[in-house]
Amino acid sequence: MPTVRLIGAEQAPLLARPFYANGDPGPIVASLAQVPELLDVAIPFIGTALGPSSISWRAKELVIVRTSALLECRYCVQTHTAVALDAGLSREEILALRGEAPIDSVFRDPRELALLGWVDAVANGRGAIPGHTTDAIHGLWDDHEVVELTMLVGATMMLNRFATALQLPVAEDTVHRLTEEDLL
């Protein structure tokens, strides 16, 4: 059960109603509708950070699933496991991102390995990022990509804490799909 009441379309404050125009907007919007002023700025930010850009969908899902697994966010891990499948990640890759298999036994691409090392350092670390991790990502990713990927880790961490603290529910169709894929 969620920590706060999820606002349905019929109870949505006037400022939140546009977010319900296409049907159920999901639990993040339904919880943020409690404070429409936050909803109005948070959703565009989240959409920009997680949405289409020059970074591939695959790379973004590597970041989101790995960060969510490190922070143990059930909602984000389960929701983005389904998205990662749609983005072309294999079952084995998803299991490794979730910590259920060693990363280096599944991932071989140096660029992806550098990215995952960066994600681990940003999401799990404290203080400065180790020099070897910084060197690895700078050798394989452009500065604008490092900026965007780092913001994606941070945005995912924010959403992880939000979803975990509020105990947001995973959509039933996502749970069903993950059950069928043996990824729940």
Checklist entry - Of all the helices (runs of 4 or more DSSP H) wholly in the stretch 1-116, which have at least 1 residues that are touching a strand residue (DSSP E or B) at 6+ places or on another chain (Cβ under 6 Å) and touching a residue at least 24 places away in the same chain (Cβ under 8 Å)? => result none
Checklist outcome for this item: For the stretch 147-184 the number of residues that are charged (D, E, K, R) and closer than 17 Å to residue 55 by Cβ is 1
Next on the checklist: Condition first: within 30 Å of residue 44 (Cα to Cα), at pLDDT below 95 and of a type outside the set (Gly, Ala, Ser). Can you find one or more residues in the stretch 126-136 that meet it?
Outcome noted: yes
Next on the checklist: Yes or no: the stretch 67-79 includes at least one residue that is surrounded by 14 or more Cβ atoms within 10 Å (Cβ to Cβ), more than 12 Å from the chain's Cα centre (by Cα) and in the same structural domain as residue 163 (by TED's automatic domain parsing).
Outcome noted: no
Checklist entry - Taking the condition surrounded by fewer than 15 Cβ atoms within 10 Å (Cβ to Cβ) and assigned to a helix (DSSP H, G or I), does residue 135 pass? => result yes
Next on the checklist: Just to check your reading of the model, which residue among 146, 122, 170, 153 is hydrophobic (A, V, I, L, M, F, W, C), touching a Phe, Trp or Tyr at 6+ places or on another chain (Cβ under 7 Å), under 21 Å from residue 60 (Cβ atoms) and assigned by TED's automatic domain parsing to the domain that holds residue 66?
Outcome noted: 170
Checklist entry - In this structure, is residue 163 surrounded by 14 or more Cβ atoms within 10 Å (Cβ to Cβ), farther than 22 Å from residue 72 by Cβ and among the small types (Gly, Ala, Ser)? => result no
Checklist entry - Restricting the search to the stretch 36-57, which residues are touching a helix residue (DSSP H, G or I) at 6+ places or on another chain (Cβ under 9 Å) and farther than 20 Å from residue 144 by Cα? => result 36, 37, 38, 39, 40, 42, 43
Next on the checklist: One residue is enough: does the stretch 82-95 have a residue meeting the conditions closer than 19 Å to residue 163 by Cβ, more than 12 Å from the chain's Cα centre (by Cα) and either acidic (Asp, Glu) or surrounded by 17 or more Cβ atoms within 10 Å (Cβ to Cβ) (or both)?
Outcome noted: yes
Item to check | Number of the condition not met by residue 34 [criteria: (1) surrounded by fewer than 12 Cβ atoms within 10 Å (Cβ to Cβ); (2) more than 15 Å from the chain's Cα centre (by Cα); (3) more than 18 Å from residue 171 (Cα to Cα)] | outcome: (1)
Next on the checklist: Of the residues 83, 29, only one is touching a Phe, Trp or Tyr at 6+ places or on another chain (Cβ under 6 Å) and closer than 23 Å to residue 176 by Cα; which?
Outcome noted: 29
Checklist outcome for this item: All conditions in (1) touching a Leu at 6+ places or on another chain (Cβ under 8 Å); (2) free of Cβ contacts under 8 Å to residues at least 12 places away in the same chain; (3) not aliphatic (A, V, I, L, M) are true of residue 164 except (2)
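The values are calculated or read from the model by the stated rules, or taken from the named source; none is laboratory data. Note that the structure is a prediction, hence the values are computed from the model and not measured. With ideal geometry, Cβ positions are generated from the backbone for all residues, glycine too; neighbour counts draw on all protein chains shown.
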